[in-house]
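The values are calculated or read from the model by the stated rules, or taken from the named source; none is laboratory data. In this text, all values refer to a predicted model and were calculated from it rather than measured experimentally. Cβ sites come from the backbone with ideal geometry, for glycine too, and all protein chains shown count toward neighbours.
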Amino acid sequence: MMNRMVKAVAAVVGSVALVGPLTVSAVGNGVAQAATTTTVSPAGTYNVAIVNLLSATLTIYKDGHFGFAGGPKGTWTETDSVITMDGTLSTYTYVFRVHQFGANLGSPTYPGTVWLNGAKWGKWYGVRA
């Protein structure tokens with residue numbers, strides 16, 4: 001009887017030992033994947049708020065161009081998580097710069113900046129439509 005109990009305990013300990021490393025490995029891999037970030041393309045349509053001034057629709061195209069409905073149009077670049085858009089409307093030159101947070105451009109808490117003819121003009125952010 002004692003011999004059977006020892007064998008049973010040994011079998012349970014052995015099976016737990018086999019499952020243990022697999023579980024730890026799976027958890028380790030899950031944590032490693034969660035630590036990496038997936039880059040979301042900034043191309044898309046956004047509802048933009050230029051803080052305390054106006055709201056507009058912005059479309060960023062995959063080919064490196066952008067356009068505000070009835071507003072500035074131009075080209076954009078991306079460096080790390082910073083989106084910079086250089087555009088013109090009539091005789092005015094605009095630069096929109098903002099950090100991308102997930103699918104959105106900036107946020108109410110962390111808006112980007114708008115430069116008009118080289119002078120800081122306002123703050124802005126865009127929420128993907």
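Observations, loosely collected:
- Taken over region 49-65, the residue count meeting the criterion of being in contact (Cβ under 8 Å) with a residue 12 or more places away in the chain, in a loop (DSSP other than H, G, I, E, B), more than 17 Å from Lys123 (Cα to Cα) and not small (Gly, Ala, Ser) is 2.
- Of all residues in region 118-126, one or more are under 18 Å from Tyr61 (Cβ atoms) and of a type outside the set (Lys, Arg).
- Looking across region 79-90 at every residue that is in contact with a Ser or Thr (Cβ under 8 Å, 6 or more places away or on another chain) and over 15 Å from Arg128 (Cα atoms), the one that is surrounded by the most Cβ atoms within 10 Å (Cβ to Cβ) is identified as Met85.
Residue-wise test of (1) of a type in the set (S, T, N, Q); (2) part of a loop (DSSP other than H, G, I, E, B); (3) within 13 Å of Val114 (Cβ to Cβ); (4) modelled with pLDDT under 95.
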residue: Leu22; (1), (2), (3), (4): no, no, no, yes
residue: Val27; (1), (2), (3), (4): no, no, no, yes
residue: Val31; (1), (2), (3), (4): no, no, no, yes
residue: Thr38; (1), (2), (3), (4): yes, yes, no, yes
residue: Pro42; (1), (2), (3), (4): no, yes, no, no
residue: Asn47; (1), (2), (3), (4): yes, no, no, no
residue: Gly67; (1), (2), (3), (4): no, no, no, no
residue: Thr77; (1), (2), (3), (4): yes, no, no, no
residue: Met85; (1), (2), (3), (4): no, no, yes, no
